[in-house]
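These notes are about the structure you will find just below.
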Amino acid sequence: MSDGIRLERSGRGGTVARITLDRPEVRNALDAATIDALRRLFVQLSKEKPAALRVVVLAGAGNVFCAGADIAEMRASAELTREQNEADAMALSEMLDSIDRCPVPVIARVQGAALGGGMGLCAVSDLVIAEAGARFGFTETRLGILPSVIAPFVVAKIGETHARALFPGGRRFDAIRATRIGLVHEVVEGEPGLDAAVEAAVADILASGPTAVRAAKAIVREVRGLPHASTRWHTARRIATQRVAAEGQEGLRAFLERRRPAWQVDDEVES
């Protein structure tokens, strides 16, 4: 693909989608074309059936995952009207929302730095694996602006207390603190370790039932917006539906018969 991103498919039948921000010369900064391309791609991927798409890996080419907004476009934004700036901000919000709503797990592979909009990408990814030397930061206030568009996604991920501590000052922090606040889930040493950890996470997902994985991700969003009494009935109906479905029945039979379920194959993940 063009517009600053690259898509590759791997695994049996291409069920693993690997999306790479491909603007290393500007540290994979997010310009309007890249934001639009990411949104369109995730909308397209979200329409694929469980057997066709199992997991998405989001990465950045070069030494940095994503340094945030494109400097050239930030300069240009100074000449935009309020209405034009609102439209520009909504484009970023819609892109992040398209990733957040992706029906399959999204794994972020983070090296170098994730700043500004790059933090938004981490927030909407389900699993974030970072190299130990990676740096993070809500650096917008250092430029006289604020992490407004990414805020709904970030606060949902790290909570209000950490957002209040980190948003105003714009200080950069390391992968250990990113893990403590829930932005990052795993920290590894070196890029070979990063690749190995990502592949292990992909393998975990491919070992699980395709529809079960999607339903497990979906239920998190579903229950967080329901009162407690409603969640009890909703979750009971959800598990009952999965248990009587073909995939649930196959998984149970495979367990009792001490064999692999039909969706697991030895060469599922290809390099």
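Quick look at the values:
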| quantity | calculated |
| --- | --- |
| Filter result for G251 (exposed (fewer than 13 other Cβ atoms within 10 Å of the Cβ) and without any contact (Cβ under 8 Å) to a residue 60 or more places away in the chain) | no |
| Residue tally, condition under 14 Å from I145 (Cβ atoms), in contact with a Ser or Thr (Cβ under 8 Å, 6 or more places away or on another chain) and touching a residue at least 60 places away in the same chain (Cβ under 8 Å), over the range 72-115 | 1 |
| Residue satisfying all of: in the range 141-165; under 26 Å from R75 (Cβ atoms) and without any contact (Cβ under 8 Å) to a residue 40 or more places away in the chain; surrounded by the fewest Cβ atoms within 10 Å (Cβ to Cβ) among these | G144 |
| Unique match (being over 19 Å from A134 (Cβ atoms) and touching a residue at least 40 places away in the same chain (Cβ under 8 Å)) among V57, V43 | V43 |
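Values in this text are rule-based calculations from the coordinates and carry no lab data. Since we're looking at a predicted model, the values are computed, not measured. Neighbour counts are summed over all protein chains in view; Cβ atoms, including those assigned to glycine, are modelled from backbone coordinates with ideal geometry.
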